[in-house]
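Here's the structure, in structure tokens; my notes come after.
The values are calculated or read from the model by the stated rules, or taken from the named source; none is laboratory data. Everything quoted here is computed from the prediction, not taken from an experiment. Cβ placement follows ideal geometry from the backbone for every residue including glycine, while neighbour counts extend to all protein chains displayed. Please note that ligands, DNA and RNA were not included when accessible areas were found on the heavy atoms of the full protein model with its side chains. Shrake-Rupley method; radii C 1.70, N 1.55, O 1.52, S 1.80 Å.
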Amino acid sequence: MVKQFVQDEEKQRLLLDEHTEKHFTAGEVVRDIIIGVSDGLTVPFALAAGLSGANAPSALVLTAGLAEVAAGAISMGLGGYLAAKSDADHYHRELQREQEEIDTVPDVEAAEIADILSQYGLGPEEYGPVVTSLRNNPKAWLEFMMKFELGLEKPDPRRALTSAGTIALAYIVGGLVPLLPYMFVPSADRAMATSVAVTLAALLFFGYIKGRFTGNRPFISAIQTTVIGALASAAAFGMAKAVQAI
């Protein structure tokens with residue numbers, strides 16, 4: 001009996017060593033990059049198109065665009081920091097509340113474990129030992145309740161700063177793309193035409209990559225991203241022309 005158990009354990013270890021699961025685990029970083037780049041490509045692009053529609057020279061468009069990129073990066077980065085900090089604060093508040101409930105009403109919390117496991121099709125004879133084991137391990141019990149009762153994962157303590165830096169840097173990278181033509185083309189009209197072509201190509205590429213990382217259909221994602229950016233810039237350009245005509 002013991003020999004068979006050891007053989008089974010060894011077989012399981014060999015299977016785990018041979019099997020490498022390829023799961024994508026950088027979802028939060030990718031989300032921050034998507035937020036930063038998508039806004040960075042769209043907002044300065046729309047601003048540059050609007051100023052070009054008002055017949056502003058390339059130097060003015062470039063100056064205003066760079067100022068917007070700097071302000072936008074700071075604003076977006078701060079927003080990312082506050083969002084991640086809020087998530088962390090929420091987790092720690094719930095952690096304290098759950099710990100108090102385990103300390104004061106352990107039987108109720110144990111019943112909640114049984115209820116959670118029963119939702120996965122386990123019967124009393126199957127989840128009973130699990131409940132007992134968790135009650136004997138307070139740390140694991142608390143982690144179980146946080147994850148399976150509240151659906152909360154322990155946040156990375158560096159998440160807030162990482163999120164802020166990632167979003168801000170991504171915004172700068174995205175924001176410089178539509179402004180590059182204004183650095184080299186003196187004529188605002190020609191610079192705008194070049195900016196449109198460069199930015200639409202960047203939106204297509206970014207949308208495709210975003211689709212690959214998020215599991216969506218890449219070509220559909222590329223088209224959606226490009227259409228949104230084009231509509232934003234067209235609206236800004238049209239408003240500038242309308243105001244100029246007044």
Practice problem: Report yes if some residue within the range 87-96 is over 30 Å from residue 169 (Cα atoms), assigned by the TED database to the domain that holds residue 143, at pLDDT 85 or above and surrounded by 17 or more Cβ atoms within 10 Å (Cβ to Cβ); otherwise report no. | Solution: yes
Exactly one of 48, 84 is in the same structural domain as residue 153 (by the TED database) and at pLDDT 80 or above, and that one is 84
Taking the range 48-86 and keeping residues surrounded by 21 or more Cβ atoms within 10 Å (Cβ to Cβ) and either within 18 Å of residue 164 (Cβ to Cβ) or touching a strand residue (DSSP E or B) at 6+ places or on another chain (Cβ under 7 Å) (or both) leaves 69, 72, 73, 76, 77, 80, 84
Cβ pairs under 9 Å, 6+ apart or interchain, first in the range 51-66 and over 10 Å from residue 191 (Cβ atoms), second among the polar types (S, T, N, Q), ordered by first then second residue, are 53/244; 54/244; 55/244
Restricting attention to the range 201-229, the residues that are surrounded by fewer than 18 Cβ atoms within 10 Å (Cβ to Cβ) and over 19 Å from the mean Cα position of the chain (by Cα) number exactly 6
Residue 178 passes all but one of the listed conditions (1) assigned by the TED database to the domain that holds residue 60; (2) at negative phi; the exception is number (1)
Scanning the range 23-72 residue by residue, those among the polar types (S, T, N, Q) and part of a helix (DSSP H, G or I) turn out to be 38, 42, 52, 58, 63
Exactly one of 226, 162, 194 is at pLDDT 85 or above, among the polar types (S, T, N, Q), in a helix (DSSP H, G or I) and outside the structural domain of residue 59 (by the TED database), and that residue is 194
From the option list 110, 168, 160, 164, single residue qualifying as in contact (Cβ under 8 Å) with a residue 12 or more places away in the chain, open to solvent by less than 90 Å² (accessible area, probe 1.4 Å) and more than 29 Å from the chain's Cα centre (by Cα) is 110
Of the candidates 117, 122, the one satisfying the condition of being assigned to a helix (DSSP H, G or I) and either open to solvent by less than 60 Å² (accessible area, probe 1.4 Å) or aliphatic (A, V, I, L, M) (or both) is 117
